[in-house]
Structures are given as C-alpha cells and as structure tokens.
Amino acid sequence: MPSLAEARLAVTIIQIVAYVLLLSKLFRSRLYEKYRYFSFLIFADAARLAFMASLKPRTDFYAYSYIATGPIIWILLVLVVLEFFHLILRNHIGIASIGKKAVTVALIVSAAISAGTLLLDLQRTSAEAAVLFNFMLLERLVTTSLLLLLLCLVIFASHFPVPVSRNIRTHASIFAVFFAGRTAILFLRMWFGLDVVAVLNFALQSLGAACLIAWIVLLDPAGEQLPAPQVANASERRLLEQLEAINESLLRSARK
Amino acid sequence: MTFPVIVTLALVPCFGAAILLLVRRLTAPSTVSECDPEWLANFSTTTYRPMQRLLSDSDLKYLAAQPGITAKTVSELRRERRRIFRAYLRNLVRDFHRLHLAARMTLLYATEDRPDLAQTLMRQRAMFTWAVLTVEFRLMLHAAGLGPVDVSDLIGALENMRINVGVMAPSAQAASY
C-alpha cells in the first residue's frame, strides 16, 4: 500500500494533468470567453499548485508562499461565484435590480452565518501554531461563506424560476460539492487539530482532483443551449400573451 | 484507520451528496404548465367563500341549542369542520402560489427592469404567509375550544393577488363582492 506522501504525489500529478486538460478544453471550445473568471481561477490554481510542488515542504518559505497565494485564490473564487450569477441573470432584464439586491443580501447573510460558525472554532485555539491556525480558520470562513453565497443565489434563481443551461447547472453542482466538501474537511481539520492535517489535506486534494475531472467530462459547448423553448404550442403561446397582459396589470397596480 | 479519518470519510460524502441533490433540484428545468391560461382566466376567490362560515360559532351555537344534541356531537362536528377547513386552506395556498408563479414568470420575461413589481410581489407573498400563519394559529386555538377562525385577511390577500394578476372576468369579479 502506498504511503501518504506517495499518494499525495500521485494526486498532485493527477491534478496538474487535469488542470492542463481543463484549460485546453476551455480554450479549444472557446468557453473561456464566457467563463472568464473560472478560467483565471483554473490557471492561477494550476500555477500555485505547480509552484508549491516545486518548493521544499515544511520550510518557512513554503509556509509564507502558501499563505501569500491563498487569498488570490479566494478572491478568484468569489469572482467565479458572482460570474456564475451574472451568467444566470444576464438575459433577464426584468429582475436585474432585484438580482443585484439579492447578491448584496446573499453576501451579507453568508458572511454573517459563516462568522457565526467561528464561535465553534475559536474555542480550540492552538498556541504553538497560531499563524497556521488563523490561516486555516480564515480559509474555512471563506469557503463556508462561498458555499452559503452560492446556495443563496441558486435559491433566488430557482424562485423565479430562471431557466439555466446544462453547463451552468453542471457548474453550480460541481462548485457546490467542491465548497461543501472543503467546508466539511476544513471544519474537521480545525476540530481535530494539527495531528490530522496531512490526512485531511490529502482529502482536500482528492476532492479538488475529482471536481477537475468532473469539469473536464461534463462542461462542453453543447451544454450552453438553454432548455427547449417553452412556447411549443398554441396553448403555451396563449399563456405568454396572458403573462404579458398580467405584466401590464402588475405595472399599473404598482404605479397606483 | 483513526477516528478523524473515519469521521471524514463518513461525513464529507454525505454532506457533499446532500448539497449536490439540493442544487440539482433547485436548478432543474422548470415548467410553465402550472400557469395554465384557462385556469388563470376562470379563477375566482368565490370558491373559498364557504371558509368564512365553516368555523364560525353561529351554526354550532344553534346546533347545541337543539334538543338531543350532546356536547360530544358538537365536538365531533367542530372537528369535522376543521378537517374540511384545512382541505380548503391547502387548496387556497396552492392557488396563491400558482398566481404568484404566473406573476414571477411575467417579471422574469419582462423587457425592462421592474424592481417595483418585484417588491410588490415580495410584499404580497409576505402578507399572505403572515395571514396563513395567523389562520394556522387560530386553528390551534379553535381545536382547544377557543374562538372562531377569521379568514378575511387570507382571502383578501388571495384576492389582491388575483386583482394584480388581472385575469378575472368582470362578471366573476362582481360575484365575489
């Protein structure tokens, strides 16, 4: 049975290959034009992984590099989630303003709930590795916020209900699993302490690799098509006319 | 295998799967079949008029005053009427959601930004939810033998929604008032 270090090396290689394959797929299919921040994220994460893999572990330089590059990835993750929401709403002018409000509310709610969960972690401070502990804490906070933000935005979109392409649906599903898995693992990492960091880091890497493979397999240009048009027959055409009349009625009512 | 690893292996896939199911369900392709135009055109709140009388005290007081009617009979009648009332309430809530969905779909496909309409819809939804909660609370009190259940706010909220959706025929409108 391979050791943990060997297994991590294997997963790191799989991840680097997967990053290259995903980036090439995004560029070949021109999906990068639509998923710009996502492409930036994949590129930055790949570069970070390759850079970190080239450094000698358990050195100060390794730790500082890891801590310094982490926030870049977090910012890109936030931008990817906002880009995802923009892609959902871009064809729906009618809910543009309320969509912007929804983003603001979702950001506040997710940050507040995530900050609330810190109360659990702060009871388990570690004096001997304060910097690492605080960084791990911040990482968990950001990941939890992103998971909640994504869920809030998906709930908003489903409320109206906004039709989404297969790619957007796939994107949301993979990101949700990615954030959920990371949140759970990072929470357990905080909970069980530094003794299990190596094992749980391996779990994090495996999750990342699995998500990359899912993106490679499931994202494709054909998935950009919206679900079949809803105006398929006379009855449904009549419905849309009716909805337009309702729209006018609602507008009149709101102006009163 | 250590305890943390076992916990991780058990917890992480379950949590991930639960979130995946939730997101897949929320992003599933929607249908407009619920907003059937025939239904929208024929909808009237008069269907729910009997609710206003179902749990009023006057019928039960009259019944209780009749010779041979026991307290047990009155109690059974109250229970039966509550059951019927709940069935009406379920339908009323369902109809409100259908009307609300029609309005949301309209907003979704609007050709200009309509924050005012979005706010109106949110306010109406909140008012309706509050009215349903109030009725549910009064139903609990009714089960304990305390007071009648007033549904005027609830039917009023449904009526407001119907007026906003603007699909009622003038004749039906006259009948409902």
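All of the numbers you see were taken from the coordinates with simple rules; none came from a lab. Quick caveat: nothing in here was measured; it's all calculated off a predicted structure. Methodologically, a virtual Cβ is constructed for each residue, glycine included, from the backbone with ideal geometry; neighbour enumeration extends over all protein chains shown.
Miscellaneous remarks
- For the protein assembly as shown, average projected area of the Cα convex hull in nm²: 28.6 nm²
- Relative contact order (%) - chain B, alpha-carbon pairs under 8 angstrom, separation at least six: 33 percent
- Cα-projected label distance for residue A:117 with residue A:104, points at 7 Å along beta-carbon direction, nm: 2.6 nm
- Helices of chain B meeting both criteria, an alpha-carbon length of 24 angstrom or more along the long axis and an average Kyte-Doolittle score not below 0.0, with helices taken as full DSSP H segments, are B:3-26, B:115-143.
- Proximal lysines to residue A:25, defined as alpha-carbon separation beneath 19 angstrom and excluding residues fewer than eight positions away on the same chain: A:34
- Evaluated with a Cβ-only charge set (Lys, Arg +1; Asp, Glu -1), chain B carries a dipole of roughly 580 debye about its Cα centre, given to the nearest 20.
- Between the residues A:50, A:203, A:171, the greatest Cα displacement towards the positive end of the dipole of the protein assembly as shown, with unit charges on the Cβ of Lys, Arg, Asp and Glu, is found for A:171.
- Taking the Cα centre of the protein assembly as shown as origin and assigning +1 to Lys and Arg Cβ atoms and -1 to Asp and Glu Cβ atoms, the resulting dipole is close to 480 debye.
- Ordering B:11, B:106, B:127 by the projection of their Cα atoms onto the charge dipole of chain B, which places +1 on the Cβ of Lys and Arg and -1 on the Cβ of Asp and Glu, puts B:11 at the extreme positive end.
- For a straight C-alpha distance cut-off of 19 angstrom, the lysines reachable from residue B:72 (same-chain residues fewer than eight places away being disregarded) are B:61.
- Debye log10 I(q)/I(0) for the range A:122-219, one point scatterer per Cα, at q = 0.11, 0.24 Å⁻¹: -0.41, -1.22
- Added length on full extension, which subtracts the Cα-Cα distance from 0.36 nm per residue, residue A:67 to residue A:96: 6.7 nm
- Here is the size of the range B:1-104 from its Cα atoms: Rg then Dmax, 24.8, 77 Å.
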